[in-house]
């Protein structure tokens, strides 16, 4: 038997194209509200699995060992994901979509909470499943909630800090204008004035939202609708645009992610830096750091007072498909207890969600940025809480980037953001 | 019943009483062909099943999904609901760069949506493909000509050349990201201050440079294999006839290496059309470096069904390119051995 000659090119091309594009397929189909799943197995106890990204500073394993020693019949197994946030997200989506009962408790990034909750994958933490949120910082609870219901218990938090050069700036600026006024000091010392993270990626969403929120604007209103066509939002984004234009933010900051901006600051090239708490340890201990003894920390500058940081951090959520929800809930409660929170802070440098711990002498001695971080988190605004977060962050990144590069005025960029976010929510 | 698994040694062992298959010659032959066919079926079955599971099923499922609407939000409960059937709307939206409008219908996608990037991503993908494959072919040919000569340490050079190809692309991209940093080695070395990943053309060239560095060795080795098929006598004869080096290259090397070259170009082209890691890590798709693959991956996070439609469109584009290569440009991937017997048409 012989294949007709003319078919061969078609077949060859087909096989080649198939094998090369097959990797791009997505998984799983539609969704439905998980009303019945959310009612099931509420009282059931037994062994469960905890899913989290790579345990880089080895905090989760000791805690699980401690739990297992106390609960021999309800042992927790640790399922460790990669250390890439996108991969963690996609792994959770795949397993929730497949209704995998082995994903009992999952660590959820604050920006995924709304999406997972709207898909009906997370057990609402109310009634029988309620947890005690007393003592937790308000913005962290907000970030774990969707439509007024708590879906994920805050476990660790994170906020932006303004790092500055104590040797050059005696008192840190409280407002953005004050900081821009100090940029002449930077010029005298032949260095850049301010930088954050302005490459087109998630970090730009963080920085642009902070600029907008700090000036009194907001990305989304209370109903989750975009609210960017306001003078406040424009003033906020314009602060960054202007700073780029007059060189107060050095031009190369358009390529900065967290690490690039940290290196520039540590090399003495920046007077002010907006970054996360992790910079403190590295900037004070790394041998090459030129700012070891002159590192100052303050809350982000705002319009009249402290600025509104974007909120980072992780929460623990119970899957609606879990077979042992009573155990899962107990484990979540265990994670947010003071003792474990302290362990997270000392061992993993994770910011606690309990307000009192920020005044704990022992902790502050170890992590001197805690008082500043508390101000930052107390004034923080969660990044837009919306089930369409990927589309919203894309709209913010692309348009803010164009504005910062001077390709369009802040006002047009915001109105394009507004329109893009509107189309994201209209797809039903 | 005695069957034979494939070709058996011709010589029967001298010892042993009656050979197992002893029938008349004709009958034995028939049996053998029939049973060989059956065996072939059994031996091929696992491969066919495996291919069906890993390639055919995902493709068909992706195509089915592409005709479904993405989940929408129930305004009352705030929960996602099934989108239902979409017909060909997903495809229409991509090709026409239309996005869903509030209150039904569609509007032209505003800047900052994935939908508004389809044609620019297609153009970017083809731009990268044409430029990188052209550069890689020229440089690869040159490297292959050098490696084809006999010189001391030739095998070391051949092995060393493969190193860039052997490094995972994601790692390569991260290395180049460091080098293209504003304070990185490239700006220092040439004493310039270019924002490599921060403006359009430098960003495109950064991707092209990194990709060329990585995949030229692949081209070089495939072309080298083709060069080594050319018998040395042909060159000797042409030298005797007084052909110049350029004539030898144009009239002997090029035509004889063409089959291998076409296959190499075909593979590289299809590979370049699905470029993802390099621009994704270097620029995150900013500055007009978003390729179709980046668009698909980003869309997967925003809605599977629309992403399925986009990956089907990408598949068709790659298919067409592959078809053009195989049908019209004579990139002979499958028939290589069979065709040589028939000679030139």
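Running Debye on chain B with equal point scatterers at the Cα sites and no solvent, what base-10 log of I(q)/I(0) appears at q = 0.10, 0.14 Å⁻¹? The calculated log intensity ratios at q = 0.10, 0.14 Å⁻¹ are -0.87, -1.22.
For the range A:318-408, the spherically averaged projection of the C-alpha convex hull amounts to 9.2 nm².
As a proxy for reagent exposure, ranking B:133, B:92, B:49 by other Cβ atoms within 10 Å from fewest up yields B:49, B:92, B:133. For the protein assembly as shown, the alpha-carbon radius of gyration amounts to 1.13 times the rule-of-thumb value 2.2 N^0.38 Å expected for a compact globular protein. Compared with the alpha-carbon gap, the fully stretched path from residue A:138 to residue A:39 is longer by 32.9 nm at 0.36 nm per residue. Largest GNM mean-square fluctuation among B:188, B:239, B:214, using chain B with Cα springs under 10 Å: B:239. In nanometres, what is the gap between the two model label sites at residue A:79 and residue A:411, each 7 Å from Cα along Cα-to-Cβ? For the pair residue A:79/residue A:411, the computed spacing is 5.2 nm. Between residue A:288 and residue A:66, the FRET efficiency estimated from the beta carbon spacing at R0 = 35 angstrom works out to 0.40. Applying 1/(1 + (r/R0)^6) with r as the Cβ-Cβ distance of residue B:243 and residue B:271 and R0 = 30 angstrom yields a FRET efficiency of 0.25. The length gained by stretching the chain between residue B:130 and residue B:36 to full extension, at 0.36 nm per residue less their Cα-Cα distance, is 29.2 nm. If a spin label sat at a point 7 angstrom from the Cα of residue B:92 along the line to its beta carbon, the backbone N atoms of the range B:47-84 nearer than 15 Å would be those of B:67-70.
Restricting attention to chain A, close to 70% of DSSP beta bridges with both partner residues there are antiparallel. Among B:154, B:274, B:250, the residue with the largest mean-square fluctuation in a Gaussian network model of chain B, with springs joining Cα atoms closer than 10 Å, is B:250. Each residue in B:94, B:201 was given a count of other beta-carbon atoms within 10 angstrom of its own, and listing them fewest first yields B:201, B:94. Modelled this way, with points 7 Å down the Cα-to-C-beta line, the labels at residue B:228 and residue B:151 are 1.8 nm from one another.
Between B:77, B:216, B:269, the GNM of chain B built on Cα springs shorter than 10 angstrom shows B:77 fluctuating the most. Cα centroid separation, the range B:170-224 to the range A:113-144: 45 Å.
By DSSP, the beta bridges lying fully in the protein assembly as shown are antiparallel in about 70 percent of cases. Modelled label positions at residue B:328 and residue A:337, each set 7 Å beyond Cα in the direction of Cβ, lie 7.2 nm from each other. Structural descriptor for chain B: relative contact order 21 percent, calculated from alpha carbon pairs under 8 angstrom and at least 6 residues apart.
Cβ crowding within 10 Å ranks A:121, B:165 as B:165, A:121, fewest other Cβ atoms first.
Computing FRET efficiency as 1/(1 + (r/R0)^6) for residue A:366 and residue B:64, where r is the C-beta to C-beta distance and R0 is 41 Å, gives about 0.15.
No value in this document is a laboratory result; all are computed from the given coordinates. Keep in mind that this is a model prediction, so the values were computed, not measured. Note that each Cβ is placed from the backbone with ideal geometry, even for glycine, and that neighbours are counted across all protein chains shown.
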